[in-house]
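Report on the following structure.
The values are calculated or read from the model by the stated rules, or taken from the named source; none is laboratory data. Model, not experiment: these values are computed from the prediction. Glycine gets a Cβ as well: all are built from the backbone with ideal geometry, and neighbour counts include every protein chain shown.
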Amino acid sequence: MFLRRFYDDGLAQASWMIGCQKTGDAIVIDANRDVQQYLDAAAAEKLRITQVTETHIHADFVSGARELARATAATLLLSAEGGPDWQYAFAAADGARLLHDSDVITVGNIRIAVLHTPGHTPEHLSFLVTDTAAASEPIGIITGDFVFVGDVGRPDLLEKAAKVANTMEAGAHQLFHSLERFRALPDFIQVWPGHGAGSACGKALGAIPTSTVGYEKRFNWGVATTDEATFVRMVLEGQPEPPLYFAEMKRINRDGPAVLGGFPTPALGDIDQLTGALASGTVVIDTRPAAVFGAGHIPGTLNIPLNKSFSTWAGWLVRYDVDIALIADDAGAVAGAVRELGMIGLDRVTTWYPSGVVTAWHDAGRRLGTIETLDPTALAPQLAADAVTLIDVRNQSEWAAGHLPTARHIPLGHLAERLAEIPRDRPIAVQCQSGARSAIAASHLQRLGLPAVYNLLGGFQRWAAEGYEVVR
């Protein structure tokens, strides 16, 4: 048996390839949209991808299952569980085989038993894997968003992200009963989850890539909690705010993601095209580091640095019905940004501009924007004199753990919809935990029409470390 884990740092997402080295057949589970990586791996191992499946309708990235199945002429296997409201709309058109609890998938000498494990979503499946050439018992279980290392899937996303009312408590009870099935498995079975630390699909995911059923029984709070009422209360409390784009991902993955045939290459633009793009409402994302952007940028552009959080904040801040342009250092950075945007379905990237366009803009006599910074020493007297409005853009759990006096709490992803709550009679300062998110927030507020925006250097961490007052 061949097993390979593919992990995407930006999505904190794992997909899996399982192959039979005797017959050369392979299956890919929970493919993301970068399907070339699976094609390359299969070719390197002399395997044929004959089947493609996934654990559930994903909310945090665009599924690559449909595209990979078409690229390889593989059979697409999709869950038929969860009731009529949770079916894949494109399953019949794509000739998909529908999976039910207790079905068996055969990949050469590999036997994969299908388990219906609802809770995170009603249609969720897990896959119990046995290498029949070497053993009569399973070696591992692909758990998707059901069981993670140290945590369990959250049952509140349908209600909070997709706005499906009255589903999260019912989902929590379903998840508890699915965990009863998990606890009945032998301790030696390996656990191969769909996400790692940093994913918004749980609240306390571990960074270790794999585990065992026995270890999770002992040390995973969700698996170890055997009182149903206690579990329901605990699994629903303290969950992080789901990104706004999760609802769009659910719709795309249910209805059928577009088949790209590879990520597109946007055209190279010039300063005149950039002027027109800004005037037409195109979202121009400047991918340079925050300090570089703050020192000088083209007014109206949005700063989202190209790091592992790039796709998350693009999903929060960019609508799906607008064109997108990029400012980046080189073509390699553009390709990386296009890939990250495409992974969450932001496909309308039309043009890119080299970083030198900022200098050209200035040389043409046009004004550059800046974002000034304040350290705690400079901010403290302004807060005391009520001379500045401070916006804390962190999430709810961070705010509850401690915040600056007089701060107003508006999480970064909700600034646009709550813009009317921000007074215009004094300068605005923004603050997060360390200064990274607030730098994005400052550029976002400038783009929304608030010119005088300052960023607190070092954020809450530096403020507290230097001994200034914290409200708890």
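Annotation note: of Glu228, Glu241, the sole residue that is surrounded by fewer than 20 Cβ atoms within 10 Å (Cβ to Cβ) and in contact with a His (Cβ under 8 Å, 6 or more places away or on another chain) is Glu228. Which of the residues belonging to the stretch 262-279 are out of contact with any Phe, Trp or Tyr (no Cβ under 7 Å at 6 or more places or on another chain) and touching a residue at least 12 places away in the same chain (Cβ under 8 Å)? Within the stretch 262-279, Gly262, Phe263, Pro264, Thr265, Ala267, Asp270, Gln273, Ala277, Leu278 meet the criteria. Only a single criterion out of (1) in the same structural domain as Thr55 (by TED's automatic domain parsing); (2) not in a loop (DSSP other than H, G, I, E, B) is not satisfied by Gly238, namely (2).
Just checking, which of Gln446, Gln433 is in contact with a helix residue (DSSP H, G or I) (Cβ under 6 Å, 6 or more places away or on another chain), buried (at least 16 other Cβ atoms within 10 Å of the Cβ) and in the same structural domain as Ile391 (by TED's automatic domain parsing)?
Numbers: Gln446 fails: in contact with a helix residue (DSSP H, G or I) (Cβ under 6 Å, 6 or more places away or on another chain).
Every option except Gln433 fails the conditions.
Here the condition is being under 24 Å from the mean Cα position of the chain (by Cα), within 30 Å of Glu169 (Cβ to Cβ) and not aliphatic (A, V, I, L, M); of Ser15, Ser63, Ser102, it holds for Ser63 alone.
Can you report the number of residues in the stretch 9-52 which are part of a strand (DSSP E or B) and in contact with a Ser or Thr (Cβ under 8 Å, 6 or more places away or on another chain)? Even if it seems obvious, please write down each step before you answer.
Initial filter on the stretch 9-52 (part of a strand (DSSP E or B)): 13-19, 25-29, 32, 48-52.
Remaining after also requiring in contact with a Ser or Thr (Cβ under 8 Å, 6 or more places away or on another chain): 13, 25-29, 32, 48-52.
Qualifying residue count for the region: 12.
Comparison of Ser443, Ser397, Ser438 shows that the only residue that is at pLDDT below 95, part of a helix (DSSP H, G or I) and of a type in the set (S, T, N, Q) is Ser397.
Give the number of residues within the stretch 214-229 that are among the polar types (S, T, N, Q) and in contact with a helix residue (DSSP H, G or I) (Cβ under 6 Å, 6 or more places away or on another chain). Write out each step before concluding.
Quick first cut of the stretch 214-229, residues among the polar types (S, T, N, Q) only: 220, 225-226.
Those still in the list that are in contact with a helix residue (DSSP H, G or I) (Cβ under 6 Å, 6 or more places away or on another chain) too: 225.
Looking only at that region, the number is 1.
Residues of the stretch 217-235 that are among the polar types (S, T, N, Q) and either in a helix (DSSP H, G or I) or under 19 Å from Ala200 (Cα atoms) (or both): Asn220, Thr230. Filtering Ala337, Ala325, Ala331 for residues that are more than 20 Å from Ala442 (Cβ to Cβ), surrounded by fewer than 20 Cβ atoms within 10 Å (Cβ to Cβ) and either at pLDDT below 95 or outside the structural domain of Leu412 (by TED's automatic domain parsing) (or both) leaves a single hit, Ala331.
Residues satisfying the criterion are present in the stretch 200-209 (criterion: surrounded by 14 or more Cβ atoms within 10 Å (Cβ to Cβ), of a type in the set (Gly, Ala, Ser), out of contact with any Gly (no Cβ under 9 Å at 6 or more places or on another chain) and in contact (Cβ under 8 Å) with a residue 12 or more places away in the chain).
Looking only at strands (runs of 3 or more DSSP E) that lie completely in the stretch 53-131, which have at least 1 residues being among the basic types (Lys, Arg), over 21 Å from Met249 (Cβ atoms) and out of contact with any Pro (no Cβ under 8 Å at 6 or more places or on another chain)? Even if it seems obvious, please write down each step before you answer.
Values: elements: 75-79, 97-99, 104-107, 110-116, 125-131.
Result: 97-99, 110-116.
The number of residues in the stretch 307-322 being part of a loop (DSSP other than H, G, I, E, B) and either buried (at least 23 other Cβ atoms within 10 Å of the Cβ) or within 15 Å of the chain's Cα centre (by Cα) (or both) comes to 4.
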